[in-house]
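Heads up, the thing below is written out as structure tokens.
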Amino acid sequence: MSTLQPAGPSAQASAWLWWGMFAFFSLVLIALVWLWIHAMRRDPGQVSDREAQRLQNRWVVGGGLLLPVVSISVVLMVGIALGQRMLALPLADGEPLRIEVTAHQWWWEVRYPDTGVVLKDELHIPAGQPVDLQLISDDVVHSFWVPRLAGKMDMFPGRTNVLRLEADKPGTYHGMCSEFCGVGHARMHFVVEAHLPADFELWLQQEQGND
Ligand SMILES: [Cu+2]
């Protein structure tokens, strides 16, 4: 259950962002520590008050204004570009599969619209295809999270949030509620089974037959 082992495009974007920010701000930390050590050990020498003021202003403008503006702009631009991949934007071709997920204290109700298939605490999806989850809560605020497939999405009573999720390969992915929702919160787990698309169709037909 690690976001740093992504298994889908949206989770991959989150992982890139994480590593990018980690690398960038590690450099900032190293630069700051280096400046700090340099400032402690440096002999101030003989400078006039005016010269000292000029140097001080230069550091305030450079380190206090320019550096943060550049840093935040870079993080913002990369963040917005990667964030686009997490949104349920219209697809170039066709419609994504829709699944309705309702959170309850403390379990997950999963419905496949137009099929009558209802599951508890498990989702089945076709691998390699985007799936739109329509998330809603029946009681309190919950949050849907499958770390290896996508970011978190809060679930509220009376409001539907859409989360796009995709698994690159078939497999079992674990998910959990990530918003404290009462005494059963810690045990509010679920699994996502990603199948080959043909197997998924077969599974869906079988489930429909069982109803
Ligand atoms: Cu919870």
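The values are calculated or read from the model by the stated rules, or taken from the named source; none is laboratory data. Nothing here was measured: the structure is a model prediction, and the numbers come from that model. Cβ sites come from the backbone with ideal geometry, for glycine too, and all protein chains shown count toward neighbours. In case anyone asks, the SASA skips ligands and DNA or RNA and just uses the protein heavy atoms, side chains included. Shrake-Rupley method; radii C 1.70, N 1.55, O 1.52, S 1.80 Å.
Under a 5 Å amide H cut-off, with hydrogens placed 1.01 Å from N, HIS124 pairs with GLU193 among residues at least 5 apart or on other chains. Against the chain, whose longest principal axis is taken from its Cα atoms, helix 49-59 shows a tilt of about 20°. Only helices enter this figure: runs of n ≥ 4 DSSP H residues, each worth -39500 (n - 2.57), summed and divided by the residues of the chain, yield -12000 deg cm²/dmol at 222 nm to the nearest 500. Placing R0 at 41 angstrom, the Cβ-Cβ distance between TRP36 and GLU122 gives a FRET efficiency of 0.20 after rounding to 0.05.
The phi torsions of region 182-187, fed into the Karplus equation with coefficients 6.51, -1.76 and 1.60 and a -60° offset, translate into couplings of x, 5, x, 3, 5, 9 Hz, rounded to whole numbers, with Gly and Pro shown as x. Placing R0 at 25 angstrom, the Cβ-Cβ distance between GLN53 and LEU29 gives a FRET efficiency of 0.30 after rounding to 0.05. The share of C-alpha pairs in the chain whose separation exceeds 30 Å stands at 41 percent. Using only the alpha-carbon atoms, how far is helix 197-210 inclined from the longest principal axis of the chain? Give it as 0 to 90 degrees, nearest 10. Its long axis makes an angle of about 40 degrees. Listed values for region 73-87 are Karplus-derived 3J(HN,Hα) couplings in whole Hz (6.51 cos²θ - 1.76 cosθ + 1.60, θ = phi - 60°), namely 5, 4, 4, 5, 5, 5, x, 5, 4, 6, x, 4, 6, 9, 8, and x replaces Gly and Pro. For region 30-124, the carbon plus sulfur part of the accessible surface works out to 63%, probe radius 1.4 Å. Once the Cα atoms are used to define both axes, helix 9-41 deviates from the longest principal axis of the chain by about 20 degrees. Residues whose amide H comes within less than 5 Å of that of LEU196, counting only those at least five positions distant or on another chain, are ALA127 (H built at 1.01 Å from N in the peptide plane). Accessible surface calculations at 1.4 Å, restricted to protein heavy atoms, place region 7-84 at 80 Å² per residue. Computed from label points 7 Å out along Cα-Cβ, the spacing between LYS169 and TRP18 is 1.8 nm.
Ranking VAL191, LEU65, LEU27 by Cα position along the charge dipole of the chain, where only Lys, Arg, Asp and Glu carry charges on their C-beta atoms, puts LEU65 farthest toward the positive end.
In order along region 60-70, the phi-based Karplus estimate (6.51 cos²θ - 1.76 cosθ + 1.60, θ = phi - 60°) of 3J(HN,Hα) comes to 5, 5, x, x, x, 10, 4, 4, x, 5, 5 Hz; Gly and Pro are listed as x. Ranked by the mean number of other Cβ atoms within 10 Å of their residues, highest first, the peptides 136-147, 195-206, 42-53, 171-182 fall in the order 136-147, 171-182, 195-206, 42-53.
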